[in-house]
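**Student:** Have a look at this one.
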Amino acid sequence: MVNLPGLIVAALFGGSAFMIAALAPSGHPRAYAAEAQAVDPANLLVMDGDTIRVKGIKPSIRLTGYTSPATKAACPNERTLGAKAKERLYDLVQTGPVTLRLVPCACPAGTEGSGLCNYGRSCGILTVNGVDVGKTLIYENLAIPLVCGPTSCPAVSTPWCK
């Protein structure tokens, strides 16, 4: 993704434009696609239980509304559950129509799109067969809810290493 102020970045999915974001000079998103856009699962790479990459789009996308166990720098139990969450997310995206809607990240003013916000990742909501994947992973005990405010997320006490 090109991060130039005021530039609208788009990619094509099955012939339709998918707007990533219109960036104001401060780097804050001005606009996002109003509706979720279809994504071909063949163009989607699951990084872990709550992060994906879409072919042709940079940076990676942090899925919002939940957090899943880490796959790196974690206790053994968390790494094991993190691998299961990643595998389950991969399996989910193979089962039906996949849509992605990019949303603003919960970051301090002027930091979205930078390493100071969400490790430089974009934020989005991924659904499969019309169901938010986060809700499925939470239901299956492979994630926990994470509800963020407009500029930050609460500290989360993850249960996986206790």
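Bear in mind these aren't lab numbers, they're just calculated from the coordinates by the rules spelled out. As the structure is a computational prediction, the values presented were derived from the model and not from experiment. With ideal geometry, Cβ positions are generated from the backbone for all residues, glycine too; neighbour counts draw on all protein chains shown.
**Student:** Can you check what the net charge comes to around LYS84, using other residues whose Cβ is under 12 Å from the Cβ of LYS84 (Lys, Arg +1; Asp, Glu -1)?
**Tutor:** Details: positive: ARG79, LYS86, ARG88; negative: ASP48, GLU78, GLU87, ASP91, GLU140.
The answer is -2.
**Student:** Could you compute the net charge surrounding THR51? Neighbours are other residues with a C-beta less than 11 Å from the C-beta of THR51; K and R count +1, D and E count -1.
**Tutor:** Numbers: positive: ARG53, ARG62, LYS86, ARG121; negative: ASP48, ASP50.
Local charge sum for THR51: +2.
**Student:** Still on this model: Mind running the shape call on region 36-139? Use the C-alpha gyration tensor, a ≥ b ≥ c as the square roots of the eigenvalues: rounded below 1.5 for a/c, prolate if a/b tops b/c, oblate otherwise.
**Tutor:** oblate
**Student:** Please work out how many pairs of lysine residues in region 34-152 are eight or more positions apart (or on different chains) and have Cα atoms closer than 18 angstrom.
**Tutor:** Taking region 34-152 as the scope, the lysine pair count is 5.
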